[in-house]
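Worksheet: the structure to be examined is printed underneath.
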Amino acid sequence: MRQPSFAPALLAASCLAALLCATALPAQEGIVVMPPPLAVTPSPGSQPEPPPHLRGTTPSFEDQVMELVNVERLANGQLAPLKRVDLLDNSAELHSSNMATRNFHMHCDPDTNTLPGDRMTTAGYSWNGAAENIAAGFTTPAAVMAGWMASSGHRANILSTGMRELGIGYVLQSGDQANVRQSATGLCPSTTSNNGPYQHYWTQNFGIRNVVYPVVINREAFQASGPLVDLYLYGAGWAQEMRLQNESGTFTAWQPFATNVAWQLSAGDGTKTVNVELRNGATVRTTSDTIVLVDTANFIFADGFESGNTSAWSQTVP
């Protein structure tokens, strides 16, 4: 995979400038890390159509990004996998759609002045910590992930040990024009309005909810090729015991909590659900994850790298 065309020194300076800018925000805004966008228009003829989002048949671009995130986390220190969450998918997809249809590429929506944390809250996600990566102009999941991983601010969000959950949004705007609004930091107001066309708009929304302890099957792989899977359970330091269940079957007996669990899914192909209960004294918290079980998983993901336009954001609250 070839290296991006932008200069690492420029990225480092951008991240520092964004961090210094963030320290001037009110205390309740938390910490914001937001490298400014890097704008490159996709080359003609490089507009692959994304596969439809048909769970269990073909991995969508969002599915592929999810897998690649956890591949990077495993390759960089064997970090815990992130869990994909519908609420964050919704906020990320909405932002990608808004950027594409209302002609902007910023973390702050220039028409409403809303920030990533506002959008996640509106989607129903009660976050204790949040972050966002955005990108434009990258035509494949492999390309956008390579771009994010080559930028220190985006890489930090992807490899953060302070996040547990992730949502992804991708929108293709084939009729995009050179009228995209941007600002140097991604904050409002926009300062230029003649950028693009980018056509491809990507958003990652990261989050953590302090009282939610996800379970992740096979590091959020798109599907499983056999019934034996690996589970990763959050909850270390709180959970004392756990018990597990396939769909509406019988729970196992309570057993000491463990972070990594080898598990067998229920028989037969199709969508499988693993339910987990975690217990600390009289308090029990529930969590679950799903995966599609098939005889074989033989998908080829688009590969390659190209430059595009990216930006990152993060925020924490007590």
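The values are calculated or read from the model by the stated rules, or taken from the named source; none is laboratory data. Only a predicted model underlies this, so the values are computations on that prediction, with no experimental measurement involved. Cβ: placed from backbone, ideal geometry, glycine included. Neighbour counts: every protein chain shown. Heads up: the accessible areas ignore ligands, DNA and RNA and are worked out on the full protein's heavy atoms, side chains in. Shrake-Rupley method; radii C 1.70, N 1.55, O 1.52, S 1.80 Å.
Table for the structure above
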item	result
Filtered residues of segment 215-247 (kept if under 18 Å from Ala258 (Cα atoms) and either among the acidic types (Asp, Glu) or under 15 Å from the mean Cα position of the chain (by Cα) (or both))	Val216, Arg219, Asp230, Glu241
Matching residues, segment 94-107, being in a helix (DSSP H, G or I) and in contact with a helix residue (DSSP H, G or I) (Cβ under 8 Å, 6 or more places away or on another chain)	Leu94, His95
Hits in segment 265-282 - residues which are open to solvent by 40 Å² or more (accessible area, probe 1.4 Å) and more than 11 Å from Glu241 (Cβ to Cβ)	Ala267, Gly268, Asp269, Thr271, Ala282
Those residues of segment 252-287 which are of a type in the set (Gly, Ala, Ser), free of Cβ contacts under 8 Å to residues at least 40 places away in the same chain and under 22 Å from Ser225 (Cβ atoms), in sequence order	Ala262, Ser266, Gly268
Evaluation of Met99 against (1) buried (at least 23 other Cβ atoms within 10 Å of the Cβ); (2) modelled with pLDDT under 95 (one fails), failing number	(2)
Residue match in segment 183-195 (condition: in a strand (DSSP E or B) and surrounded by 20 or more Cβ atoms within 10 Å (Cβ to Cβ))	yes
Flag if Val212 is more than 21 Å from the chain's Cα centre (by Cα), surrounded by 16 or more Cβ atoms within 10 Å (Cβ to Cβ) and more than 18 Å from Ala92 (Cα to Cα)	no
Looking only at segment 76-87, and only at residues there that are farther than 16 Å from His154 by Cβ and not acidic (Asp, Glu), the one that is surrounded by the fewest Cβ atoms within 10 Å (Cβ to Cβ)	Gln78
Any hit, segment 237-246, residues being open to solvent by 40 Å² or more (accessible area, probe 1.4 Å) and under 29 Å from Ile168 (Cα atoms)	yes
Check on Ala262, outside any loop (DSSP other than H, G, I, E, B), open to solvent by 30 Å² or more (accessible area, probe 1.4 Å) and more than 14 Å from Ser288 (Cβ to Cβ)	yes
Filtered residue count, segment 137-154, keeping only those that are within 11 Å of His200 (Cα to Cα) and part of a loop (DSSP other than H, G, I, E, B)	4
Search result, residues across segment 113-150 that are in contact with a Ser or Thr (Cβ under 7 Å, 6 or more places away or on another chain), open to solvent by 10 Å² or more (accessible area, probe 1.4 Å) and within 19 Å of Asn103 (Cα to Cα)	Arg119
Candidates Thr121, Thr114, Thr161, filtered to the one that is within 19 Å of the chain's Cα centre (by Cα) and assigned to a loop (DSSP other than H, G, I, E, B)	Thr161
